[in-house]
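Peer 1: Please see the structure below; I have some questions.
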Amino acid sequence: MPDIRRHITRDVPVAHVAQTPDQVIAGLRGTNHHGVGTVFVIDGGDRLLGQVRLAEIFAAAGSPLSLDRFVQAPPVTIGPDTDQEDAASTAIREQLISLPVVDGEGRFLGAMPPHAIMQVLREEHVQDLHHLAGIWRHTEDAQRALTEPPVVRMRHRLPWLMIGLAGSMVATQVVAGFEATLERHVALAFFIPLIVYLADAVGTQTEAIAVRGLSLTTGGLRRVLLGELGTGLLIGLCLAAAAAGFELLMFGQPGLATVLGVSILAACAIATTIGLMLPWAFARIGWDPALSSGPIATVIQDVLSLLIYFLIASAVLG
């Protein structure tokens with residue numbers, strides 16, 4: 001995970017705490033800084049004391065008071081080793097124009113200006129899109145994605161697809177293990193694509209939310225998990241009712257309708273849990289959360305959904 005060192009700049013408005021508003025304004029006149037909405041205030045040892053909005057300095061023009069009467073402690077600071085995605089997420093969460101950077105002793109090193117924050121967000125977004133699609137590629141290669149030789153593109157995509165192939169083989173074994181149930185109730189086979197698709201679709205939605213949301217939320221994992229589980233169950237109930245009604249209309253088999261409804265409800269709950277917990281687990285061990293959101297999560301969801309479907313069918317239909 002790249003840190004923010006390449007994004008730090010000292011070309012931001014900085015003033016000494018002993019200066020008056022007029023002195024600050026005079027010092028800024030004729031200069032061209034990044035993120036001019038905020039003036040960072042330092043002491044004689046270059047330690048960051050806080051910040052003052054430029055609008056407040058102009059409002060106090062003519063005042064003999066020094067900046068120590070106006071300075072506000074910065075809401076948050078980061079170190080030079082902070083991961084760039086974490087830094088950009090912090091800036092958004094704290095609603096900061098520029099993100100101040102300090103060393104271990106609180107000395108002001110510079111700031112991450114607005115254009116750098118936007119650049120990082122774009123880079124991370126592109127990288128997450130690649131990972132969500134099961135493409136292994138570094139962010140700096142993104143612009144060459146459509147111009148590289150086919151062999152190079154294949155190397156970026158094939159590893160995750162091989163994982164998907166292995167998972168498909170496991171799913172095939174799951175279906176084969178219930179061959180006797182399928183022979184007795186052939187109609188079960190008609191709904192396999194429906195079960196797999198709904199699990200994948202619900203899981204993909206949750207993964208997309210988790211990949212971005214876990215870095216921005218302040219509510220904690222438990223609150224996010226409970227909220228997503230509740231959402232997954234509500235979605236599952238709606239989909240289960242619709243699918244069971246369709247089965248009754250087309251086949252008129254109440255037992256199969258029950259199997260279908262319960263299986264979809266369980267598959268949606270499991271897909272939601274996996275879609276949230278896998279990115280969280282990846283983040284905890286220091287991997288990009290988006291890595292789990294393509295073939296890995298899909299494979300697990302497919303296998304578990306099919307297993308649940310046939311277990312319920314065996315219990316209900318015999």
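Throughout, read-outs are computed from the coordinates displayed, never taken from laboratory work. Since the model is a prediction, treat every value here as computed from it, not as a measurement. For neighbour counting, all protein chains shown are included, and Cβ atoms are generated from backbone atoms with ideal geometry for every residue, glycine included.
Peer 1: Compute the separation of the alpha-carbon centres of segment 63-112 and segment 169-189 and state it in Å as a whole number.
Peer 2: Between the Cα centres of segment 63-112 and segment 169-189 lies a distance of 59 Å.
Peer 1: At a 10 Å Cβ-Cβ cut-off, how would you order GLU85, GLU207, fewest neighbours first?
Peer 2: In increasing order of surrounding Cβ atoms, one gets GLU85, GLU207.
Peer 1: Between ARG155 and GLN253, 0.36 nm times their residue separation minus their Cα-Cα distance comes to what?
Peer 2: Value of the extension gain: 30.5 nm.
Peer 1: May I pose another question? Provide the per-residue ³J(HN,Hα) series for segment 107-119, in order, calculated from phi with Karplus coefficients 6.51, -1.76, 1.60 and θ = phi - 60°, each as a whole number of Hz, with x at glycine and proline positions.
Peer 2: Each residue of segment 107-119 in turn: 6, 6, 9, x, 8, 8, x, x, 5, 5, 4, 5, 5 Hz.
Peer 1: Dividing the convex hull volume of the Cα atoms of segment 150-317 by its residue count, what figure in Å³ per residue is obtained?
Peer 2: 127 Å³
Peer 1: Between PHE246 and LEU226, with labels modelled 7 Å along Cα→Cβ, what's the label distance in nm to one decimal, could you check?
Peer 2: For PHE246 paired with LEU226, the spin-label model returns 3.4 nm.
Peer 1: Moving on to the next point. Please report the antiparallel percentage of the DSSP beta bridges confined to segment 5-120, to the nearest 5.
Peer 2: 75 percent
Peer 1: On to the next question. Can you work out the PRE-style zone for GLU105? Point 7 Å along Cα to Cβ, and I want the residues of segment 73-93 with backbone N under 17 Å.
Peer 2: 79-80
Peer 1: What FRET efficiency do you get for ARG93 and ASN32 if R0 is 22 Å and r is their Cβ-Cβ distance, rounded to the nearest 0.05?
Peer 2: Approximately 0.15, to the nearest 0.05.
Peer 1: Take peptides 264-272, 25-33, 37-45 and line them up by average Cβ neighbours within 10 Å, highest first, as a rough protection proxy.
Peer 2: Output ranking for 264-272, 25-33, 37-45: 264-272, 37-45, 25-33.
Peer 1: Just rank HIS115, HIS16, HIS7, HIS185, fewest to most, by other beta-carbon atoms within 10 angstrom.
Peer 2: With the fewest neighbours first, HIS115, HIS16, HIS7, HIS185 line up as HIS115, HIS16, HIS185, HIS7.
Peer 1: Return TYR309, TYR197 ranked ascending by Cβ neighbour count within 10 Å, so the fewest neighbours appear first.
Peer 2: Going from least to most buried by this count: TYR197, TYR309.
Peer 1: Go through segment 307-317 residue by residue and turn each phi into a ³J(HN,Hα) via Karplus (6.51, -1.76, 1.60, θ = phi - 60°); whole Hz please, and just put x for glycine and proline.
Peer 2: So the J values, rounded to whole Hz, are 4, 5, 4, 6, 5, 5, 4, 5, 6, 8, 9.
Peer 1: If you don't mind, another one. By what distance, in whole Å, do the Cα atoms of segment 5-120 stretch along each of the three principal axes, largest value first?
Peer 2: Extents along the principal axes: 41, 27, 23 Å.
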